[in-house]
Amino acid sequence: NYIREERRKGKLSSEVNVACIKSGQIKEVCVNCDGGRIVRPLIIVKEGKVPVTTDHVEKLRRGEWTWNDFIEKGLVEYLDPMEEENAYIALNPEDVTPEHTHLEIMPAAILGACAGIIPYAEHNQSPRNSYEAAMAKQALGLSCANILLRKDSRGHLLHYPHKPLVQTRLLDVVGYNERPSGQNMVVALLTLTGYNIEDALVFSRGAVDRGLARSTFFRTYEAEERKYPGGEEDRIERPPPNVRGYRAGEVYKYLGEDGIVEVEAQVRGGDVLIGRTSPPRFMGEYTEFEISGRVRRETSVDMRHGEIGIVDAVLITESSEGNKLVKVRIRDLRVPELGDKFASRHGQKGVIGLLLPQEDLPFTEEGIVPDVIINPHAFPSRMTIGQLLESMAGKVAALKGVFIDGSTFYGTKEGELKRELKELGYSPTGCEVMYDGVTGEMYKVPILIGVVYYQKLHHMVADKMHARARGPVQILTRQPTEGRAREGGLRFGEMERDCLVAHGAAALLKDRLLEESDRTTVYVCENCGLIAYYNAISDKYKCPLCEEKVKIAQVTMSYAFKLLLQELMSLVIYPRLKVS
Ligand SMILES: [Zn+2]
């Protein structure tokens, strides 16, 4: 306690924490002053009294005091998780008793920046709040106001971000309202057409055409004119056809005279954005064979495979070493399409299953057509009542033209929302009579319709869609490459193999795993079982052990298996192939 008193007086650093641990045989005092501990501020309570008064808060509001004054005057202190074990923290000022040592500054602050944006979080099953805290980081928005001047290596921009109609108090604290990352959407809850089965969403084509959830993807490519010892240097130019590695096709067609792609050109994967040539890697390389002497290498920067876009901006500048540096930013408009991922603020994520024309969507008596239709089966098992409350609160907010406070523990209560809805002439449950958009018939049951804040997440189909017929292979194993970025094959794994084995589809299995993958022909000595080779000079097959006098067999096998044999040999293991 002496250390704590000294710290509160300011004689010790406010970042020193002391804890007394008593459990079983252990009785020890731990003093921590190392970096990297997580600490959080709490109001100090002395003998059941809270020293922080409204007077202090007023001073802070007027700007006479800063946050540091509270710490220096011993009103607030930082506790680390260890010292927290010795503290007894009251949630609200009225709960403080003489036993309490600290008071929470704001109970909702325990949620943090991500979970703090969830309205009515106390009505949700807790894992859903955790899911949302993870998903809030994937939402597209307006991350910074100068995004058009920046040259980030990649980034997204939501075109029409909204402030959430249902607010929480933390939104202002973390600046979410200045840089929002979502849109208020009219959401109806019904199982329409079957295209919203399993968390899929039905979007209104009309709303999408009017700009709902539109975003732009940016990627910046860069190239530098590097200087090499010996006075050689890179050149940013249109590569002449005689350079080594000159690319075939029309990949250079968008380059200007200066070797840089023209602004507003529509480019796609493989197109060269910045033409560049470099000197040969080694002095005198290839001079024996080439007539022209020393030939420069092609080192252009090209567009990533599988991406398309429009050249948005070109920046020519200097790097820190004084070399010429060219940056090219590509933009790509992303209109919501089938398979794009969205989520509400309650861990309810889903992908678009159908874009339905506005005239085919259900409508209310007033002619309101929902932007999104979600499936009611998303609720019973997940118990995200918070979203239903947000739907009602959003409806009240939209009808009255005000923001509704939906802060965790302090939000506008359900009864209040019901009263407001009734006053506005709606059913207090938030449900409305709706009509089928195709037949015009009235639905037998009232449908819940309200306004919910939805986030567009950065998992978009345009970034994931992939197929391959023929393409590159790995050098080591000669099997197809992996992953979309490398134009890779689709994995045919163990479980898929088991399926074909169970079906007895041996020919298909051989076709997938051998013929269409890494089939190779290997010569094997019938005497010793080692891999033999063909000697082109003497036109004879030869075994490294038995020389030329033995029979050599031709064996078809997977190249990966040949590699295994040779790796075993490198471990001084003698693998023998018995050929009969
Ligand atoms: Zn042999």
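Points worth noting:
- Shape analysis of the stretch 2-105 places it in the oblate category; the axes a ≥ b ≥ c from the Cα gyration tensor give an a/c of at least 1.5, with a/b not above b/c.
- For the chain, the longest principal axis of the alpha carbon atoms and the long axis of helix 559-570 meet at an angle near 80°.
- When all protein chains stay in place and ligands, DNA and RNA are ignored, the 1.4 Å accessible-area order of 577, 333, largest first, is 333, 577.
- Eigenvalues of the alpha-carbon gyration tensor of the stretch 469-580, scaled by 5 and square-rooted, set the equivalent ellipsoid semi-axes at 31, 17, 14 angstrom, largest first.
- Taking each of 49/137; 11/46; 151/341 in turn, the alpha-carbon distance tops 31 angstrom for 49/137.
- Rg and Dmax of the stretch 216-334, based on Cα coordinates, read 15.3, 52 Å.
- Here the gap between residue 317 and residue 126, fully extended at 0.36 nm per residue and compared with their Cα-Cα distance, gives a gain of 63.7 nm.
- Ranked packing of 380-388, 119-127, most packed first, by mean Cβ within 10 Å: 119-127, 380-388
- Separation between Cα centres of the stretch 536-552 and the stretch 409-452, rounded to whole Å: 86
- Potential lengthening of the chain between residue 359 and residue 304 amounts to 15.9 nm, from the contour at 0.36 nm per residue minus the alpha-carbon distance.
- Remark: the residue 233-residue 12 segment gains 73.8 nm on full extension, using 0.36 nm per residue and subtracting the alpha carbon distance.
- Simple label model, 7 Å out from Cα along Cβ direction - residue 533 to residue 106, nm: 7.3
- Cα long-axis angle, helix 126-135 against the chain (0 to 90 degrees, to the nearest 10): 50
- Counting only protein chain heavy atoms and rolling a 1.4 Å probe, the accessible areas of 101, 481, 521 rank, largest first, as 521, 101, 481.
- Relative contact order of the chain, pairs being alpha-carbon contacts under 8 Å that are 6 or more residues apart, as %: 13
- The accessible-area ordering, largest first, of the residues 27, 400 stands as 27, 400, per a 1.4 angstrom probe.
- Per atom type, the chain shows carbon and sulfur on 54% of its accessible surface, probed at 1.4 Å.
- The calculated 222 nm mean residue ellipticity attributable to helices in the chain amounts to -5000 deg cm²/dmol, summing -39500 (n - 2.57) over DSSP H runs of n ≥ 4 and dividing by all residues.
- Computed over the stretch 469-580: relative contact order in percent, which uses C-alpha pairs under 8 Å that are six or more apart: 22
- An ellipsoid equivalent to the chain, defined through the eigenvalues of its Cα gyration tensor, has semi-axes of 58, 37, 31 Å when rounded to whole angstrom and sorted largest first.
- Over the stretch 319-401, Cα pairs under 8 Å with separation of 6+ residues give a relative contact order of 18 percent.
- Accessible area per residue, Å², the chain with all protein chains present, probe 1.4 Å: 56
- Near-label residues of the stretch 544-563 by backbone N, under 20 Å of a point 7 Å along Cα→Cβ of residue 580: 551-557
- Between helix 414-423 and the chain there is an angle of about 80 degrees, using the helix long axis and the longest principal axis of the Cα atoms.
The values are calculated or read from the model by the stated rules, or taken from the named source; none is laboratory data. Everything numeric in this text was worked out from a predicted model, so none of it was measured. Positions of Cβ are generated from backbone atoms using ideal geometry, with glycine treated the same way; all protein chains shown enter the neighbour counts. Side chains included, ligands, DNA and RNA excluded: accessible areas come from the protein's heavy atoms. Shrake-Rupley method; radii C 1.70, N 1.55, O 1.52, S 1.80 Å.
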